[in-house]
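In what follows, a structure is listed as structure tokens, so that the remarks can point back to it.
The values are calculated or read from the model by the stated rules, or taken from the named source; none is laboratory data. For clarity, every value in this text was computed on a predicted model and none was experimentally measured. Please note: Cβ atoms are built from the backbone with ideal geometry, for glycine as well, and neighbour counts cover all protein chains shown. For accessibility, only protein heavy atoms count, side chains too; no ligands or nucleic acids. Shrake-Rupley method; radii C 1.70, N 1.55, O 1.52, S 1.80 Å.
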Amino acid sequence: MGYTPGKIVCVGRNYAAHARELGNAVPERPLLFLKPPSAVIHEGDAIRIPAASRQVEHEGEIGVVIGARLRQADEATARAAVQAVVCMNDVTARDLQKTDGQWTRAKGFDTFCPVGTPVPIAQDADLTALEVICRVNGEVRQHGYARDMAFSIPFLLSTISQIMTLEPGDLIATGTPEGVGPLRSGDVVEVEIPGIGVLRNPVTEHVTDA
Ligand code: MG
């Protein structure tokens, strides 16, 4: 049994180059959405392409695991509550994201949240030194650096904690760098955070969903 997050709070458009590639601007404040915990799968589990979508895409991201309750926290308190870093893939039905006003369907299908094994990170570690690489069938599609985030990890956690209490075990998806693209049945997608690990998942067609 792998890591089972509580809440999964995600940040959209947190890298300027990725916002641009989809024709969007970086927002004035963090753009937040939720993925349901029921979407979680682990290393080696298959991402299933639902019948409802013709455009399922990978979003390799740096995941942050919360280690202490945060409520209306300042950035220093938020930083101190970062317990671990984890590879994750914010799998997205891009066509449904564009047609739906809300992103719940596009982001929320079963299997749309592959997560790796959280790796504890030191209190004095430089979070801006983190980087994330996403490969499809061994080919690099995304390579981003935390230092290029529009909003830093402590700022994100502080901001989220003004809205909702963050609990130990909650997962924050800190946004994806540029290079998002399609996943097709038969692909293998990998998300690597150097020093943290590699998360690998095959992709299959849906079996039976309405
Ligand atoms: Mg994302």
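Checking each residue in region 77-118 for being of a type in the set (D, E, K, R) and buried (at least 17 other Cβ atoms within 10 Å of the Cβ) picks out R79, D90, R94, K107. Once region 90-101 is narrowed to residues that are free of Cβ contacts under 8 Å to residues at least 60 places away in the same chain and assigned to a loop (DSSP other than H, G, I, E, B), the residue that is nearest to the ligand (Cβ to nearest atom) is D100. Being touching a residue at least 40 places away in the same chain (Cβ under 8 Å), assigned to a loop (DSSP other than H, G, I, E, B) and polar (S, T, N, Q) is a description that does not apply to T204.
Of all residues in region 1-30, those that are closer than 17 Å to A93 by Cα have Cβ atoms under 7 Å from Cβ atoms of residues that are away from the ligand (no atom under 12 Å from the Cβ) and among the small types (G, A, S), 6 or more apart or on another chain, in A19/A25. Here region 47-65 is the region considered, the condition is being among the aliphatic types (A, V, I, L, M) and under 17 Å from the mean Cα position of the chain (by Cα), and the residue that is surrounded by the most Cβ atoms within 10 Å (Cβ to Cβ) is V64. Scanning region 1-35 for residues that are of a type outside the set (A, V, I, L, M, F, W, C), open to solvent by 40 Å² or more (accessible area, probe 1.4 Å) and either within 14 Å of the ligand (Cβ to nearest atom) or in a loop (DSSP other than H, G, I, E, B) (or both) returns T4, K7, R13, E21, G23, N24, E28, R29.
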